[in-house]
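Read through the structure below, which is laid out as structure tokens, and then see the notes.
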Amino acid sequence: MPDAPQGCQLYLISPPDPANDFPERLERALDAGPVAAFQLRMKGADDAAIVAMAERLMPICADHGSAFILNDRADLAAKLGADGVHLGQDDGDVAEARALLGRDAQIGATCHDSRHLAMEAGEAGADYVAFGAFYPSDTKDTTHRPDPDILTWWTTMFVLPCVAIGGITADNAKPLVDAGADFLAVSGAVWNHPEGEAKGVAAFAALLGR
């Protein structure tokens, strides 16, 4: 994931429980348009299942120039040689993840609707901060609902990229892009697209002019 993207880019997140055919689905999605990063999110799965799926997906991401980010598990990211890790507020410490993964790893932090948490994450060495959920989401339960102006504030004050997340579709994303989001984190709008994941990615590519 680049440090300072030129224009907003797509950050794709896996469905919560990717099935055995998911590598083929990811291949179709990444073939359909540019995806800056892909995050494997398997909450509740055991380590062996996460590692097995990651080992199938990492070469696909590498072939398409997409950073492979593991959700929550800095220890498994280190074991796998992943490009980075994304940490929720209750899923690890940014500074500890940096010490474990090294200076080149991409480390992101969920900051909900909090400017304070975002500044703390930046000071701890995060490579990006994620705000949301901006819209209701079927992928995960959400309680924080920031206003898009938090993206404008962040991009005006800091160079560290910011990610918008939560219920984002190609139809509702424009206010977030206009507010200054560097990345749109998307899951359901791609994997649940009525015409398939390739059409889902293509819709965002058209929106973002890519």
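The values are calculated or read from the model by the stated rules, or taken from the named source; none is laboratory data. These numbers come from a predicted model, not from an experiment. Note that we place each Cβ from the backbone using ideal geometry, even for glycine, and neighbour counts take in every protein chain shown.
Miscellaneous remarks
- Summed over the stretch 154-210, the residues that are over 16 Å from Gly7 (Cβ atoms), within 17 Å of the chain's Cα centre (by Cα) and among the aromatic types (Phe, Trp, Tyr) give a count of 1.
- Among the conditions (1) modelled with pLDDT under 95; (2) over 23 Å from Ile165 (Cβ atoms), the only one that Ala62 does not satisfy is (1).
- Sole exception among (1) surrounded by 15 or more Cβ atoms within 10 Å (Cβ to Cβ); (2) at pLDDT 95 or above; (3) of a type in the set (Val, Ile, Thr); (4) out of contact with any Phe, Trp or Tyr (no Cβ under 6 Å at 6 or more places or on another chain) for Ile150, by number: (4)
- Lys79 being within 15 Å of the chain's Cα centre (by Cα), more than 22 Å from Ala173 (Cα to Cα) and surrounded by fewer than 17 Cβ atoms within 10 Å (Cβ to Cβ): no
To keep it simple, each residue is scored yes or no on (1) surrounded by 15 or more Cβ atoms within 10 Å (Cβ to Cβ); (2) within 21 Å of Leu160 (Cβ to Cβ); (3) not aromatic (Phe, Trp, Tyr).
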position	(1), (2), (3)
Ala37	yes, yes, yes
Ala49	no, no, yes
Asp90	no, no, yes
Ala99	no, yes, yes
Thr110	yes, yes, yes
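- Breaking point among (1) under 16 Å from the mean Cα position of the chain (by Cα); (2) at pLDDT 95 or above, for Ser114: (1)
- Total residues in the stretch 193-210 satisfying the condition of being within 23 Å of Arg41 (Cα to Cα) and either among the hydroxyl-bearing types (Ser, Thr, Tyr) or in contact (Cβ under 8 Å) with a residue 12 or more places away in the chain (or both): the figure is 10.
- Checklist (1) closer than 19 Å to Val163 by Cα; (2) in contact (Cβ under 8 Å) with a residue 12 or more places away in the chain applied to Gln6, failing item: (2)
- Some residue of the stretch 185-208 being modelled with pLDDT under 95, in a loop (DSSP other than H, G, I, E, B) and either under 30 Å from Glu96 (Cβ atoms) or of a type in the set (Lys, Arg) (or both): no
- Failed item, numbered, when Ser137 is tested on (1) surrounded by fewer than 24 Cβ atoms within 10 Å (Cβ to Cβ); (2) modelled with pLDDT of 95 or more: (2)
- None of Asp75, Asp17, Asp46 is closer than 25 Å to Ala133 by Cα and of a type outside the set (Val, Ile, Thr) except Asp17.
- Yes/no for Val35 being in contact with a strand residue (DSSP E or B) (Cβ under 9 Å, 6 or more places away or on another chain), under 27 Å from Ala170 (Cα atoms), of a type outside the set (Phe, Trp, Tyr) and in a loop (DSSP other than H, G, I, E, B): yes
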